[in-house]
Amino acid sequence: SAVISQKPSRDICQRGTSLTIQCQVDSQVTMMFWYRQQPGQSLTLIATANQGSEATYESGFVIDKFPISRPNLTFSTLTVSNMSPEDSSIYLCSVETGGYTDTQYFGPGTRLTVL
Amino acid sequence: DAKTTQPPSMDCAEGRAANLPCNHSTISGNEYVYWYRQIHSQGPQYIIHGLKNNETNEMASLIITEDRKSSTLILPHATLRDTAVYYCIVRDGYSGGSNYKLTFGKGTLLTVNP
């Protein structure tokens, strides 16, 4: 398994501002993922972030709104840009670890409220 | 869209076994069945996964039917702390596969009652 931490754990932001969420893993991993969970909804994948390459975004998510960095094998950031109240969600990072099969492990999440 | 079907909710008495069903009739030969749970907006917690054989770990058992079209997650002695949304997901077992992403459906809300 992997131990994953996220910062901040929660934040309240004003519309029009941006917030950068950090994800730190205790071991080197190839694949990292960012998810969004809107209130009362299930998780939706935003993008896949592999070290050394550009993030791959899912349909409905764009780089200008959710820029992602992946500078090394243990760290990634997700920025939520030009926020509106509709961006109020829990943002989660996850990592893929190997073994006899790959398994994803999730961080604790960042609860974002946009006023 | 999620490739699995789960009941929206289930109840279980504390100390009893909780049996959570999942239908995945369109599962392909190289796809595994993964189970996660999410306790009150925390990050999802990995529970167990399997391909075709039954699997058991310290948290749960996974029973997969012979035709692989359905499975059951068993929590042998449910406690109040097992109250959570349980997600059944099918995906490739390796990140290099064509379906390696986790696609979350609505899951089953398991409520364990005292």
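Scanning the range A:22-68 for residues that are out of contact with any strand residue (DSSP E or B) (no Cβ under 9 Å at 6 or more places or on another chain) and under 25 Å from B:Gln45 (Cβ atoms) returns a single hit, A:Gly40.
To keep it simple, each residue is scored yes or no on (1) more than 22 Å from A:Ala2 (Cβ to Cβ); (2) within 11 Å of chain B (Cβ to nearest Cβ); (3) at pLDDT below 95.
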{"residue": "A:Val62", "(1), (2), (3)": "yes, no, no"}
{"residue": "A:Ser76", "(1), (2), (3)": "no, no, no"}
{"residue": "A:Asn82", "(1), (2), (3)": "yes, no, no"}
{"residue": "A:Asp87", "(1), (2), (3)": "yes, no, no"}
{"residue": "A:Glu96", "(1), (2), (3)": "no, yes, yes"}
{"residue": "A:Thr103", "(1), (2), (3)": "no, yes, yes"}
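The listed residues are B:Gln38, B:Gln42, and the only one of them that is of a type outside the set (A, V, I, L, M, F, W, C) and modelled with pLDDT of 95 or more turns out to be B:Gln38.
Residues in the range A:38-73 that are crowded, with 18+ Cβ neighbours inside 10 Å and touching a Pro at 6+ places or on another chain (Cβ under 9 Å): A:Leu43, A:Ala55. So, in the range B:94-108, of the ones that are of a type outside the set (A, V, I, L, M, F, W, C) and crowded, with 21+ Cβ neighbours inside 10 Å, which residue ends up farthest from A:Phe33 (Cα to Cα)? Looking at the filtered set, the residue picked out is B:Thr108.
If the condition is being touching a residue at least 24 places away in the same chain (Cβ under 8 Å) and among the basic types (Lys, Arg), then the range B:1-57 contributes B:Lys3, B:Arg16, B:Arg37. Here the strands (runs of 3 or more DSSP E) wholly within chain B that include at least 2 residues being more than 12 Å from every other protein chain (Cβ to nearest Cβ) and over 12 Å from the mean Cα position of the chain (by Cα) are B:9-13, B:108-113.
Every condition in (1) in contact with a Cys (Cβ under 8 Å, 6 or more places away or on another chain); (2) crowded, with 16+ Cβ neighbours inside 10 Å; (3) under 26 Å from A:Glu96 (Cβ atoms) holds for B:Ala78 except the one numbered (3).
Consider the range A:1-22 and keep the residues that are within 11 Å of chain B (Cβ to nearest Cβ) and part of a strand (DSSP E or B). The one that is surrounded by the fewest Cβ atoms within 10 Å (Cβ to Cβ) is A:Arg10. The lone criterion from (1) more than 11 Å from chain B (Cβ to nearest Cβ); (2) touching a Lys or Arg at 6+ places or on another chain (Cβ under 7 Å); (3) β-branched (Val, Ile, Thr) left unmet by A:Thr113 is number (2).
Return yes or no: is A:Leu43 among the aliphatic types (A, V, I, L, M), in contact with a Gly (Cβ under 7 Å, 6 or more places away or on another chain) and within 21 Å of B:Tyr34 (Cβ to Cβ)? No; evaluated as a whole, the condition is false for this residue.
Screening B:Ser61 against (1) farther than 16 Å from B:Leu109 by Cβ; (2) out of contact with any Cys (no Cβ under 9 Å at 6 or more places or on another chain); (3) surrounded by fewer than 17 Cβ atoms within 10 Å (Cβ to Cβ) leaves a single unmet condition, (3).
Look through the range B:45-57, keep the residues that are over 18 Å from B:Asn19 (Cβ atoms) and not hydroxyl-bearing (Ser, Thr, Tyr), and return whichever of them is modelled with the highest pLDDT. Full working, then the answer.
Step one: filter the range B:45-57 for residues over 18 Å from B:Asn19 (Cβ atoms), giving B:45-46, B:51-53.
Filter again for not hydroxyl-bearing (Ser, Thr, Tyr), leaving B:45, B:51-53.
Working: B:Gln45: 96, B:Leu51: 93, B:Lys52: 92, B:Asn53: 87.
By that ranking, first place goes to B:Gln45.
The values are calculated or read from the model by the stated rules, or taken from the named source; none is laboratory data. Remember, predicted model here, so these are calculated numbers, not experimental data. With ideal geometry, Cβ positions are generated from the backbone for all residues, glycine too; neighbour counts draw on all protein chains shown.
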